[in-house]
Amino acid sequence: MVKLPVSWLRDWVDLPADWDARELARRLTAAGLEIEAISAAAGAFSGVVVGRIVSAERHPLADKLQVCRVVTAEGAGVDAGLQIVCGAANARVGLVSALARVGALLPNERSIGAATLRGVESQGMLCSARELGLAESSTGIIELPHDAPLGADLWAYLDLDDAILEVNVTPNRGDAMSVLGIAREVVALAGTPLKTPARLAEPAAEGAAGAGGESASGGAFPVTLQPLAGAPRLLAQVLSGLDNTRVVPLWLRERLRRAGLRPISPVVDVTNYVMLELGQPMHAYDLARLSGGLAARNARAGEQLRLLDGRELTLDAGALVIADETGAIGLAGVMGGERSAITSSSSDIVFEAAWFKPAAIAGRARRHGLQTDASQRFERGVDWRGQERALALATRLLLAIAGGNAGPVTTAELPDELPRIRPVPLRTRQLQRLLGASVAAEDVERRLRALGMGVRAEKAGWSVQPPSWRFDIEIEADLIEEVVRIGGLDVIEERAPAMALVPRMLASGEVDEQVVLRTLAARGYQEIVTFGFIDPALQRLLFGLQPAIELANPIAADLAVMRSSLLPGLIAVARENLTRQQQRVRVFEIANRFIVEEGEGGIGVTREQKVLAGIALGSRLPEQWGVAATPVDFHDVKGDLSALLALGGGPEEFGFEPAAPGYLHPGRGARLVRGGMVLGYIGELHPGLVRSLDLTYAPIVFEFDYSAAFRANLAQFREVSRFPQIRRDISFTVPVDVAFAALNERVSVAAGSLLKQLSAFDVYQGKGVELGRKSIALGLILQDLGRTLTDDDADRVVQAVLQDLRSNLDARIRE
């Protein structure tokens, strides 16, 4: 995410008169740079003007307060000033600051009135940046430039009508993570030229001196690059005699704040500013804390590095580091080390501006649980020819702020490892084929040249040379995308497809997935989509040491393995909903899981399997007055699955057998079986996991093989009997571990073709029933196709059933 102040963008490009912030956002979004939000530069305030303190005396009754006289017009004397009681330590004669007059309205609707503080009248307030909503914290009143126009409205003076665009930059567009990069896009969209701001008009000269400084002397700073380490270009420059305690100009601090960064010190602020404007991350080292020169090399296995944020890293041999003679001083492209960090007392520093291969940086930050502005840019790719300009801008800005002088620039390169961006052919015929529309040759050339590309006309089309900052232009389709997005998708004429679209006929042996979705939705479930990557910690918690595929370059530490089950993602969604006071959750997902199986020679083989998984927790029914709230249980969800599995036309093929893998409650789980094949499991989450995951309720979860479960039976004609049914009820006891599936099987075998339906209408354990047994009552519906059954027929069936149950399931008949 990049925060772009529109006022900063105007330094680089003149926007068309009819392009306000919303129109600019619309155009950029249509071109592929999605604008997620437009925000104001500050919270609204009024009645605040620029004022100068012309006198400051200690309050007679409070040591920490001062009685100041503040004027709002040039040439005004002390007597013409307003009396303001102020407690800021930096309030002093000559300081230009923000004066909130009586009647002013500050952010959060705070109004300013006349007040008496310790017996002294105060006719307003001198404001800090925090009080004006311009900073999260501040240590004193705001300090404005000495030449700020007295009496000017502060809102207008600071251009706080500025709009901030929040740009969602896709991973392939590292060039767009800067003001310059987005300005290039606007230039192409608006057809206006790219401007060069005055601060970049001339490069800073080697040996240039800052205010009050003398020309630097001495040789170039030593830099070495290890071949094939991933750092083929690095520039370094020594700046000496700096004062890192000086106040950074308000305009620079304001730009950092609007871009989402907190001002810290001259050196840090300048490097951040350059990164935001030009897209080139930089780093600064305290020269006094370095031993020898800089080296970009691979880390030694087990090498230790303490980062700026205090983290201790143990590096592997593949990590790219910046080091001096004593060891690593920074994780290249990610974060610097604490040992060479800049402090307020740093007077001599070394600037570093490097180009690192994206592959050398990608994943390094996330591997250590880090994500920095620098790593986001380097792993996407920065302009490999932009280091000189970035270093020149940083040097000029810092010398102007902190004084001192600059030494010569050291440029170290490994030419054979630098990018070789080859021309990409673009054929007129292919452009028209993919777009379905014709684009004039002059429009193609104009759009591509506006993006900084070199274009040469050829017989079949063009040869296009991508610029050094565009690493995403590799094939012809990339160029076609550039042509159409700059021209606008909305200008392409709609045409009917040239070929007939024939809907795919649903095979007779499968259930329509839309029917599955609608059935689950009708039973109160909502479909969700989760990442195919999951948290390895949650994977281990649920499935122990079950093998999972680890990602070489995870997008986050908690998304580091491919899912071997959909349940971790569903549980994470349920937890997220519970934290948002959603106490009743029914969600499901149909997606692939990735199973690691042992292949030939013990080598792991990955298999993808489409599964249906779901989770239910909370009350059985939505809150209502007619029924008391009761938690959902195993049988509720089993009923949902039974209705779902009946879509295939053969519910009798499925069975639920008692079983509980490690993540399920030992006595409240079952495996789903079809024709002797285990499809998956259903059950209540294990109590230990419920506690570990801090769940309010014990959820019921299920997961099973989608393809095997929804293999439909071909519909067949079955004659409906014209003769009446007979019902017989039987009651008996069996051991508690006998499942209904076993009873169903034995009754069906004993009763034969006369049994049309079997149901269990009562199950009981307790007083009157022997310990270790349960009482079950079954209802048998009997019917024949050719005749009316007699009572004798029914009695014979019942006796055969009872005899079978006694022999095979240790049933004892209850009289």
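The values are calculated or read from the model by the stated rules, or taken from the named source; none is laboratory data. Note that the structure is predicted; figures quoted are calculated from it, not measured. Every residue, glycine among them, receives a Cβ derived from its backbone with ideal geometry; neighbour counts consider all protein chains shown. The accessibility values were calculated without ligands, DNA or RNA, using every heavy atom of the protein model including side chains. Shrake-Rupley method; radii C 1.70, N 1.55, O 1.52, S 1.80 Å.
Brief remarks follow.
- When both region 632-690 and region 278-337 are represented by their alpha-carbon centers, they are found 54 Å apart.
- Amide H partners (placed H, <5 Å) of ALA712, local residues excluded: GLU510, VAL511
- Relative intensity of the chain on a log10 scale, I(q)/I(0) at q = 0.05, 0.06, 0.09 Å⁻¹, equals -0.46, -0.63, -1.07, per a Debye sum over C-alpha point scatterers of equal strength in the absence of solvent.
- For GluC sites (Glu not before Pro), the sites in region 584-688 that DSSP calls loop and that have at most 11 other Cβ atoms within 10 Å are GLU623.
- Helical runs assigned H by DSSP (4 residues or longer) give the chain a calculated mean residue ellipticity at 222 nm of -7000 deg cm²/dmol, each run adding -39500 (n - 2.57) before division by the residue total.
- Rounded to the nearest 20 debye, the dipole size of the chain about its Cα centre is 580 debye, using +1 on the Cβ of Lys and Arg and -1 on the Cβ of Asp and Glu.
- Cα gyration tensor category, rounded, prolate or oblate, for region 38-93 with a/c compared to 1.5: oblate
- The trypsin sites (Lys or Arg not before Pro) of region 694-729 meeting both criteria, a DSSP state outside H, G, I, E and B (loop) and at most 13 other C-beta atoms within 10 angstrom of the site's C-beta, are ARG718, ARG722.
- With Cα atoms defining each centre, region 259-273 and region 769-815 are spaced 84 Å apart in the structure.
- Shown is the FRET efficiency for SER291 and SER138, computed with R0 = 35 Å from the Cβ-Cβ distance and rounded to the nearest 0.05: 0.40.
- Net length available on complete extension from ARG300 to THR192 is 33.8 nm, with 0.36 nm assigned per residue and the Cα-Cα distance removed.
- Look at the dipole of the chain built from charges on Cβ: of LEU448, ALA574, ALA659, the Cα furthest out on the positive end belongs to ALA659.
- Global form of region 432-485, assessed from the alpha-carbon gyration tensor, a/c cut-off 1.5: prolate
- Note on ARG433 and ALA359: their simple-model spin labels are 3.0 nm apart, each label 7 Å out from Cα toward Cβ.
- Computed with the Debye formula from one identical point scatterer per Cα of region 242-295, without solvent, the log10 of I(q)/I(0) at q = 0.14, 0.18, 0.25, 0.29 Å⁻¹ comes to -0.43, -0.65, -0.99, -1.17.
- With the gyration tensor restricted to C-alpha atoms of region 603-724, the semi-axes of the equivalent ellipsoid amount to 29, 23, 12 Å, longest first.
- Rounded percent of accessible protein surface that carbon and sulfur make up, the chain, 1.4 Å probe: 50 percent
- Taking Lys and Arg as +1 and Asp and Glu as -1, the other residues whose beta-carbon sits under 12 Å from that of VAL464 total 0.
- Cα shape, region 284-331, gyration tensor, a/c 1.5 rule: oblate
- For the chain, leaving out every one of the chymotrypsin sites (Phe, Trp or Tyr not before Pro) that falls in a DSSP loop and has at most 10 other Cβ atoms within 10 Å, the longest unbroken run is 1-624.
- Label zone at GLU657 (point 7 Å along Cα-to-Cβ), backbone N below 20 Å, region 713-754: 735-750
- Counting only alpha carbon atoms, the long axis of helix 266-278 and the longest principal axis of the chain meet at about 70°.
- In region 747-815, trypsin sites (Lys or Arg not before Pro) in a DSSP loop with at most 10 other beta-carbon atoms within 10 Å: LYS767, ARG787
- Region 241-389 - charge dipole about Cα centre, Lys and Arg +1 at Cβ, Asp and Glu -1, debye rounded to 20: 480 debye
- What the chain shows is 49 Å² of accessible area per residue, with the surface traced by a 1.4 Å probe over protein heavy atoms.
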